[in-house]
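The block underneath contains the structure these notes are about, expressed in structure tokens.
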């Protein structure tokens, strides 16, 4: 791939002369390495796939309650901006940071995600149920162990980066996988002032450099890396969909459907789970 910039409809803010680092420097003192550096038991910087040329996969986790066009749009945007081969939607069996009230069944949420991802380089999975993980740090570790030839990139909105320091072992996550943050209007100040931003500002990289295959093949791609992207806001939200159609889950039938990654059946409420294979 030539070192040319793809003409995309977005603003790249994570470059060394971009708005993002300047905003951070304006509002935050430089962090103490002892306080904000890698945890004592953090893994060595991740170099999974560097030089191997394995598929680069974006991971977008969430409840998808329900999935909607906004999820699809940001996924395709990140795929182009970062040079990803595909994006995996991790439909959570249960988000520990969200109340269970109003949460549709895994089956319905998974089907809504499959509907939204059709004809796109997006694969939908409920693999966390099979892995037995509830927290992102555990899910990432399990995926890296199961798929060592894939290069994973964690995708999140800037609202999540603003509260990233509340996630379980958030520093370990940052040291395990590159993170791409898609900016959302209204969260700029909270994101800039967050402990996670203070830690990761030293590791920002612009999207053009990140997606450059020659950079990756030199074996220099390693976590922690923070890539910040900005694009036109999308007003669609799962909350608004639920408010307008409280019974949205009833639109989906109960025909057997398989996980697009594990190929195991997604269990419909009222049925028995598929037996574990020997």
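Multiply the residue gap between residue 105 and residue 202 by 0.36 nm, knock off their C-alpha separation, and tell me the result in nm, one decimal place. Walk me through the numbers before you get to the answer.
Details: separation 97, 0.36 × 97 = 34.92 nm, distance 4.07 nm.
Additional length available on full extension: 30.9 nm.
Compared with the alpha-carbon gap, the fully stretched path from residue 166 to residue 120 is longer by 13.3 nm at 0.36 nm per residue. Summary of packing: across the peptides 252-262, 128-138, 168-178, the per-residue average of other C-beta atoms within 10 Å ranks them, highest first, as 168-178, 128-138, 252-262. Label-to-label distance, residue 235 versus residue 159, with points set 7 angstrom from Cα along the beta-carbon direction: 1.6 nm.
Give, in nm to one decimal, the length gained when the segment between residue 134 and residue 146 is fully stretched (0.36 nm per residue of separation minus the Cα-Cα distance).
2.7 nm
All of the numbers you see were taken from the coordinates with simple rules; none came from a lab. These figures come from a predicted structure and were not determined experimentally. Positions of Cβ are generated from backbone atoms using ideal geometry, with glycine treated the same way; all protein chains shown enter the neighbour counts.
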